[in-house]
Amino acid sequence: MSDRFDSFFGQALAILFALGLGALVILTVDESPMRVLVTLLNGAFGSPERIAGTLLQTTPILICGIAACISFRAGLFNIGIEGQLFMGGFWATWVGFSFNLPPALHLLLAMAAAVFAGMAWIAIPAFFRARYKTNEVVSTILANYVAILITSYLTINWFKRSGGQSETPPIFESAYLPELFSFSRLNWGLIIGLALALAVHFFFTRTSRGYAISEMGANPKFAEYGGIDIKKQTFLVLIASGAVGGMAGGVEALGVHHRFMEGFAPGFGFDGVIAALLANGNPIGTIFTALFFGALRSGSLLLEVDTTASREIITVIQALIILAVSAQITIRRKASDSTAGERRWKF
Amino acid sequence: MSRWSRRLVALCGASVLALASQAALAKDVSVAAISGYFSQGFGVAIVEGLKKAEADLGVKVKLVDTGNRALDYEEQFNNLAKGGEYDIVFVMGWELVDALQKTAEAYPNTKFVFIDGVLDSKHVVYANFAQNEGSFLAGALAGLMAEKGSEIDGLGDGKAIGFVGGRDIPVIRDFMVGYEQGAKAAAPDVRLDAVFAGTFDDPAKGSELTMALYGQGSDIVYNVAGPTGEGVLQASAAAGKYSIGVDVNQCNVAPGHVMASMLKNANVAVYDLVKDVVDGKTLEPGSVHTANVKTGGVELLLCPDVADKIPADVKAKLEELKADIASGKIKVATTTQ
């Protein structure tokens, strides 16, 4: 318990430290940090529309974060969520505009296409990781670029609608993921994300399979000795992570944009990874870190309009948070961890 | 409250009043521009035009960088329009069209101006460019030069000029008819070979098509093909022939081989629209404001490193044609209206 408290306290301290540094950066562009903070809060929570806007930004970060959590728990690093998201988004859209089906069925099929596309996109890195121990960090990162370029190629050269926009035709309304309120594009994707977080948390804490995978993440040698088929579990965990990554794309395509375009949802995959890292790979914690990043993102949109500070200041603050948190994790690990042996990552 | 402080307050009040009346004289216009491209090509020109308006007309200018996340656009437009503090909002970039149309409908008091394109929405004001007029001058230059033939270094006696379009769509045809008309007007004997690449994103294809055009006797090729057109310009350097740039100053893509660039001066177009509003004119929603040769919004720039190869009589003829277009003596055909 005290370990968990320490970890929470450490993260909070790291974030505060990063925000302090961020304030210094804001001072260098002749803007008051206090005003930036107030504008950020106003932009993120200032009205029901803005709160919904924050949750809208939170949704993809949360779902990508859950995808990351799944792999982190098994001691694996799926950094290819971005690519899985683009693939999922594209193929969900494709089902959405290519077929005309009854409402619920159409939505389900489009979502299934997103999930399947995500799984297919991680299958190759997952196979090589499981079979030959190829470093999945490198292979999944590289697959991102391929996914982004392939989807953009398909959009522009095969499925482009008429007019100046580089985008596909809109999907049929039968494939829409319904919106939650009339005043915002916030949709059922948020509920899906929250349900996923709870389900993954339940899986890792209350099922024997989940326990086995966590054990594998903590100490693969010991897990193998205990009778766990490491290769099979590695493959399956990565596929599951890819499926959720694909689903993130499906939610964005079917819930928000209702089409696929160039620059569909850049960066959400990486934001998700960071949110999961900040939460120590805990899905419930990821809900809060995703909300934190969603609020930063959403607030920054007003920041750009109402102050002289650039929206990019948020990217700087985010990077500072990553630095501070990883430094903090390293320090904590060095201090406490002489017994970990084979552990790759500690969560 | 002491007498002094009361006097001070009165003084402040008076100066605030004075300031307010001065501001009213300066027409108190606020302008915003929203785009993801302020650092490149067309976007740089827009910023330039707005800075000029800020300096000359005393308007307030706000630039909003959209970044590249589609999820953000709608909130950014809402944040801009909600306060109602901006009279005109310039919008550049086709990816913003969806958010633009929604917001323009929801906030009729803010004038949204879409730059370089016309959409179906009746709630948006459009700033368009008479690309046909600029292309007319490009065609005239190419025709006159082809007529000179081998008198000029790098040209043959094919008496033909080329055109490489991106896709065969009305906007690109608009460039083409202007180019053709200009060539015919200036040099009736010169033949035009026009091809479409079928794509805007394939420089290799642009290069290949251009080589084929050179093979058929054209020595000057006009590109209207976005990134595909980069291949056209590079081919002119590789073949030692000539090409003509489009939209922005492309003289440096293949120095010595790009003969001219047909410029769409977004800075002029933006400045003129802001000036109209400062002068008290209303921009009617749905109206199309076309920047043309007359306003200086469209022009043919002779590339400096090639300009001395262009004979004086050609330059004189171009000036004459330009004056005729500006005065309305020459009507250039169009395919977009």
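Among strands (runs of 3 or more DSSP E) entirely within the stretch B:94-179, having at least 1 residues that are within 14 Å of chain A (Cβ to nearest Cβ), within 16 Å of the chain's Cα centre (by Cα) and on the phi < 0 side of the Ramachandran plot singles out B:111-115, B:125-129.
In the stretch B:182-200, the residues that are away from every other protein chain (no Cβ under 14 Å) form Cβ pairs under 7 Å with partners that are of a type in the set (S, T, N, Q) and surrounded by 19 or more Cβ atoms within 10 Å (Cβ to Cβ), at six or more places apart or across chains, as follows: B:G182/B:S135; B:D193/B:S218. Residue check: is A:N187 buried (at least 19 other Cβ atoms within 10 Å of the Cβ), within 23 Å of the chain's Cα centre (by Cα), in contact (Cβ under 8 Å) with a residue 24 or more places away in the chain and more than 30 Å from A:L101 (Cα to Cα)? So A:N187 does not fit the description; no.
Summed over the stretch B:199-225, the residues that are crowded, with 18+ Cβ neighbours inside 10 Å and either among the small types (G, A, S) or part of a strand (DSSP E or B) (or both) give a count of 10.
Do the conditions hold for B:V221, that is, is it of a type in the set (A, V, I, L, M), modelled with pLDDT of 95 or more and touching a helix residue (DSSP H, G or I) at 6+ places or on another chain (Cβ under 8 Å)? Yes, satisfied. Checked against the criterion of being at pLDDT 90 or above and under 18 Å from the mean Cα position of the chain (by Cα), the candidates A:L301, A:L254 yield just one match: A:L254. Looking across the stretch B:182-198 at every residue that is part of a loop (DSSP other than H, G, I, E, B) and surrounded by fewer than 17 Cβ atoms within 10 Å (Cβ to Cβ), the one that is modelled with the lowest pLDDT is identified as B:G198. Summed over the stretch B:234-274, the residues that are closer than 25 Å to B:N128 by Cβ and assigned to a helix (DSSP H, G or I) give a count of 9. Can you tell me which residue within the stretch B:31-42, out of those that are within 14 Å of chain A (Cβ to nearest Cβ) and either free of Cβ contacts under 8 Å to residues at least 12 places away in the same chain or closer than 13 Å to A:V305 by Cα (or both), is surrounded by the fewest Cβ atoms within 10 Å (Cβ to Cβ)? Applying the filter and picking the extreme gives B:S39.
Residues that are at pLDDT below 90 and buried (at least 20 other Cβ atoms within 10 Å of the Cβ) were ranked within the stretch B:43-66; the one that is nearest to the other protein chains (Cβ to nearest Cβ) is B:T66. Of the residues contained in the stretch B:299-308, one or more are found to be over 18 Å from B:Y222 (Cα atoms) and at pLDDT below 90.
Among the residues of the stretch A:51-74, just one is within 13 Å of chain B (Cβ to nearest Cβ), farther than 15 Å from A:F288 by Cα and crowded, with 24+ Cβ neighbours inside 10 Å, namely A:G53. Select from the stretch A:104-158 the residues that are in contact with a Leu (Cβ under 8 Å, 6 or more places away or on another chain) and not in a helix (DSSP H, G or I) and list them in ascending order. Within the stretch A:104-158, no residue meets the criteria.
None of B:E284, B:E320 is modelled with pLDDT under 90 and either closer than 24 Å to B:S121 by Cα or not aromatic (F, W, Y) (or both) except B:E284. Every listed requirement among (1) more than 12 Å from chain B (Cβ to nearest Cβ); (2) part of a helix (DSSP H, G or I); (3) under 19 Å from the mean Cα position of the chain (by Cα) is met by A:I331 save one, (3).
Within the stretch A:227-266, the set of residues being farther than 13 Å from B:A70 by Cβ, outside any helix (DSSP H, G or I) and free of Cβ contacts under 8 Å to residues at least 12 places away in the same chain comprises A:G227, A:D229.
Of the numbered criteria (1) in contact (Cβ under 8 Å) with a residue 40 or more places away in the chain; (2) crowded, with 22+ Cβ neighbours inside 10 Å; (3) touching a helix residue (DSSP H, G or I) at 6+ places or on another chain (Cβ under 8 Å); (4) under 26 Å from B:D324 (Cβ atoms), the one B:T228 fails is (4). In the set (1) part of a loop (DSSP other than H, G, I, E, B); (2) buried (at least 21 other Cβ atoms within 10 Å of the Cβ), A:L277 fails one condition alone, (1).
The values are calculated or read from the model by the stated rules, or taken from the named source; none is laboratory data. A quick note: this is a predicted structure, and the numbers were derived from the prediction, not measured. Please note: Cβ atoms are built from the backbone with ideal geometry, for glycine as well, and neighbour counts cover all protein chains shown.
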